[in-house]
Amino acid sequence: MTERPSGPIELLDDCSTVLGLVRPSGRCDSVEFIQSLQVRFQARYQRYLEYLRDGTPIKSPENYRTLRREADGLVVAELKVDKYRLYVVNHGIYWFVTHGREKPKDNRVGAEIDKALDIYRECA
């Protein structure tokens, strides 16, 4: 029987600052999303996650966009690759990757921000 991971998981080898959030069900929406993409898109997201780890600026707004700053210091942002979006929550030095999807319509962006915060609060 395979044991489900508990708590956040490292998305980069030996990196405890860029983490995927694992839901109580054992699913990690961000890993499932990235793995569903073509290899070329996976490679670009890998590079952007490395940039977050290293503190390297990501070209904004073409590939990175801050979506909301919360009063408690949380920042929700999206990493953009082609028509795909990967949602991250920044808390101090930590980047929690919550989920991804195809680019939503403008009127759905608020719902994706709320979803990212819900996953963060459920799992982090």
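The values are calculated or read from the model by the stated rules, or taken from the named source; none is laboratory data. Please read these numbers as outputs of a predicted model, since none were measured by experiment. Ideal geometry is used to build each Cβ from the backbone, glycine not excepted, and the neighbour counts take in all protein chains shown. Areas reflect the complete protein model, heavy atoms only, side chains present, ligands, DNA and RNA absent. Shrake-Rupley method; radii C 1.70, N 1.55, O 1.52, S 1.80 Å.
What's the number of the only condition in (1) in contact (Cβ under 8 Å) with a residue 40 or more places away in the chain; (2) within 19 Å of R47 (Cβ to Cβ); (3) under 11 Å from the mean Cα position of the chain (by Cα) that D82 fails to meet?
The failed condition is (3).
So which pairs qualify, if the first residue must be in the range 42-71 and within 14 Å of R85 (Cα to Cα), the second must be of a type in the set (S, T, N, Q) and in a helix (DSSP H, G or I), the Cβ gap must be under 8 Å, and the two must be at least 6 apart or on different chains?
Partner pairs satisfying both residue conditions: Q42/Q35.
Can you find, within the range 50-61, the residue that is nearest to R108 (Cα to Cα) among those that are out of contact with any strand residue (DSSP E or B) (no Cβ under 7 Å at 6 or more places or on another chain) and open to solvent by 90 Å² or more (accessible area, probe 1.4 Å)?
It comes out as K59.
Name the residue that is modelled with the lowest pLDDT, counting only residues in the range 6-24 that are in contact with a strand residue (DSSP E or B) (Cβ under 9 Å, 6 or more places away or on another chain) and assigned to a loop (DSSP other than H, G, I, E, B).
Per the stated criteria, the residue is G7.
Among the residues of the range 86-124, count how many are more than 22 Å from D54 (Cα to Cα), more than 11 Å from the chain's Cα centre (by Cα) and in contact (Cβ under 8 Å) with a residue 60 or more places away in the chain.
Qualifying residue count for the region: 2.
With R47, R27, R69 as the choices, which residue is on the phi < 0 side of the Ramachandran plot, in contact with a strand residue (DSSP E or B) (Cβ under 9 Å, 6 or more places away or on another chain) and open to solvent by 60 Å² or more (accessible area, probe 1.4 Å)?
R69
With the requirement that a residue be over 17 Å from H91 (Cα atoms) and open to solvent by less than 80 Å² (accessible area, probe 1.4 Å), what does the range 5-21 give you?
Residues satisfying the conditions are P5, L12.
Condition test on D82, is it open to solvent by 70 Å² or more (accessible area, probe 1.4 Å), of a type outside the set (F, W, Y) and at pLDDT below 95?
Taking the combined requirement at face value, the residue does not satisfy it.
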